[in-house]
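Contents: one structure, followed by commentary.
The values are calculated or read from the model by the stated rules, or taken from the named source; none is laboratory data. In this text, all values refer to a predicted model and were calculated from it rather than measured experimentally. Cβ coordinates were reconstructed from backbone atoms using ideal geometry, including for glycine residues, and neighbour counts include every protein chain displayed.
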Amino acid sequence: MDMPLLAVSDDRGNIFEIPHLCMAGVALAEQRLPVKDDLIPLPHGSNLFMLPGRLPTGYDPETRRFVSIDNYQGEKINAVAAFMAPAYVQFLLPAYTSTPSAPRLPLYCYTAVGWYKGKFYVPAARIDADTRQDLRLFDEKKIERGAQNMLHRYPRNRLVGHLVEKCVRCYGCPAARNFVMERWECPVPTSPACNAGCVGCISLQPRQSNVVSSQERIDFTPTVAEIIEFTVPHLEQAPRAVISFGQGCEGEPLLEGELIAESIKQIRSRTKKGIINLNTNGSRPETLKSLFEAGLDSIRVSLNSAQDKYYNAYYNPRDYKFDDVVQSLTLARDFNRWSSLNYLIFPGFTDHKTEMAALHTLINKVKPNMIQTRNLNIDPEWYTQELKLAELAPDFIGMRNWLDSMRTAFPWIKFGYFNPPREEMKKEHFGFTS
Ligand code: SF4
């Protein structure tokens, strides 16, 4: 067969192909051969992961069956997955059989990967042409010079200190790195607390989850003065400027509504330039209203599902309901502000007919301008268990078909990955109002 071969890893992390097996993928719990046209070379800036305790599964073209193998030429082997660079959407999860000793996988996204004529291939597509997080645009020396420059420029600003010391230097956060390079989207974390308990929260994990959060939450609340000191110059001077409250290193920014409202007012009294954005769980419509009144330009609301049953199973909301999230999105419409869904993708579930029907209903109700597709960072088996997805019939259409059908059904919606600058908030994305 003219297909990529199954990629596997030995225990030392050496990755190689199995010559008699084709790569396979998984959607929901179904093993699948990737569609050839859906395969692209592994994007620059992606990583490959060995999946410990998981036997790689490939497709045997002779027997026409999927098979799991535990060794190659007598050496023990493990499954392999790709962690794709930002701006790409995954179509298939990796195929493997977990052994009883398989540890829970850390909070990254796992995509099927194979080897073909000297290159790794993944079933995926680039969803956003914006290059703001492309690894080739990050020069480590310039970033460090920019980091030192920011510390020198704002010596007493704790928030700038956090962005430089933790986000740039520890986490390698692309948004924070762009801030010190004085370009594009600048992160503004404010909230140490959250009112949700997402299963795959990257900033706080209970010990019993057996995974660690990939970032620590900010441990102080910045002042208005600290916020405006660096965000106003960013909005004034950076190309395609956006500042975004609501980051991976914090909780829920709506819990700091008064602080953010006052900051927005003071920023807007100093500059009209750029976009002030809020990444949020959308839990507090009343607070959000005060932010729109203060001058908030756009929101990005995260959700893994348009069905409250699955939303609740993942978000574990503490003091709000899915209806509040819907109301927040509706508010954006009422204020005629830009709204994006930050829609967490899970092949087989996202494109499941029941989920698609619910998403259509939600979109028709709240009319978002954009859908940002985010590959969910979680162990696929953990997610499947928590949401009880095994109970679902395999009634899904495939992620490529999902994308095509969504574009056809909602022609005004911009599909992408990043919060857009003002230049990209085009009239046609508000087309539903005409
Ligand atoms: S809303 Fe964000 S900060 Fe809160 S639990 Fe979920 S991922 Fe974590």
Completion exercise
Out of (1) free of Cβ contacts under 8 Å to residues at least 60 places away in the same chain; (2) surrounded by fewer than 23 Cβ atoms within 10 Å (Cβ to Cβ); (3) closer than 21 Å to residue 14 by Cα, the one residue 46 does not meet is (1)
Practice task
Check whether at least one residue in region 207-224 is touching a strand residue (DSSP E or B) at 6+ places or on another chain (Cβ under 9 Å), closer than 26 Å to residue 261 by Cβ and not in a loop (DSSP other than H, G, I, E, B), and report yes or no.
Solution key: no
Problem - Answer residue from region 186-203, given it is more than 22 Å from residue 376 (Cα to Cα) and among the polar types (S, T, N, Q) and is farthest from the ligand (Cβ to nearest atom) among those - result: 190
Fill in the blank from the handout: For region 160-185, the count of residues that are within 23 Å of residue 275 (Cβ to Cβ), surrounded by fewer than 20 Cβ atoms within 10 Å (Cβ to Cβ) and within 16 Å of the ligand (Cβ to nearest atom) equals 0
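Tell me, please, whether a residue that is over 25 Å from residue 135 (Cβ atoms), small (Gly, Ala, Ser) and part of a strand (DSSP E or B) can be found in region 21-36. Talk me through it step by step, then tell me what you get.
Taking region 21-36 first, the residues over 25 Å from residue 135 (Cβ atoms) are 21-22, 24, 26-33, 35-36.
Now restrict to residues that are small (Gly, Ala, Ser): 24, 27, 29.
Adding the requirement that they be part of a strand (DSSP E or B) leaves 27.
Yes, region 21-36 contains at least one residue that is over 25 Å from residue 135 (Cβ atoms), small (Gly, Ala, Ser) and part of a strand (DSSP E or B).
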Problem - Filter result (charged (D, E, K, R), modelled with pLDDT of 95 or more and farther than 28 Å from residue 284 by Cβ) within region 162-212 - result: 165, 169, 177, 182, 183
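Take the conditions touching a Gly at 6+ places or on another chain (Cβ under 9 Å) and not acidic (Asp, Glu) and apply them to residue 402. Does it pass?
Numbers: touching a Gly at 6+ places or on another chain (Cβ under 9 Å): no; not acidic (Asp, Glu): yes.
So residue 402 fails the test.
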Practice task
Kindly indicate whether residue 143 is assigned by TED's automatic domain parsing to the domain that holds residue 318 and either free of Cβ contacts under 8 Å to residues at least 12 places away in the same chain or of a type in the set (A, V, I, L, M) (or both).
Solution key: no
Exercise for the section: Looking only at region 72-81, decide whether some residue is in a loop (DSSP other than H, G, I, E, B) and of a type in the set (Gly, Ala, Ser). Expected result: yes
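Has region 331-349 got at least one residue that is among the β-branched types (Val, Ile, Thr), closer than 24 Å to residue 33 by Cα and more than 16 Å from the ligand (Cβ to nearest atom)?
Keep residues of region 331-349 that are among the β-branched types (Val, Ile, Thr), which gives 345.
Next cut, closer than 24 Å to residue 33 by Cα only: 345.
Now narrow it down to the ones that are more than 16 Å from the ligand (Cβ to nearest atom): none.
Checked region 331-349: no residue is among the β-branched types (Val, Ile, Thr), closer than 24 Å to residue 33 by Cα and more than 16 Å from the ligand (Cβ to nearest atom).
Say we look at region 204-260 and pick out the residues that are of a type in the set (D, E, K, R) and under 30 Å from residue 131 (Cα atoms); which of these is nearest to the ligand (Cβ to nearest atom)? Explain how you work it out, then say what you get.
Quick first cut of region 204-260, residues of a type in the set (D, E, K, R) only: 207, 216-217, 219, 226, 229, 236, 240, 250, 252, 256, 258.
Cutting the leftovers down to under 30 Å from residue 131 (Cα atoms) gives us 216-217, 226, 229, 236, 240, 250, 252.
Details: 216: 12, 217: 8, 226: 21, 229: 25, 236: 30, 240: 25, 250: 7, 252: 5 Å.
Restricting to residues being of a type in the set (D, E, K, R) and under 30 Å from residue 131 (Cα atoms), the top hit is 252.
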Practice task
Among the numbered conditions (1) farther than 23 Å from residue 353 by Cα; (2) surrounded by 19 or more Cβ atoms within 10 Å (Cβ to Cβ), tell me where residue 325 comes up short.
Solution key: (1)
Practice task
Would you mind stating whether residue 278 is of a type in the set (A, V, I, L, M), assigned to a loop (DSSP other than H, G, I, E, B) and either within 20 Å of residue 175 (Cβ to Cβ) or within 13 Å of the ligand (Cβ to nearest atom) (or both)?
Solution key: no
Fill in the blank from the handout: Among 85, 129, 124, the single one that is in a strand (DSSP E or B), within 17 Å of the chain's Cα centre (by Cα) and within 25 Å of residue 404 (Cβ to Cβ) is 124
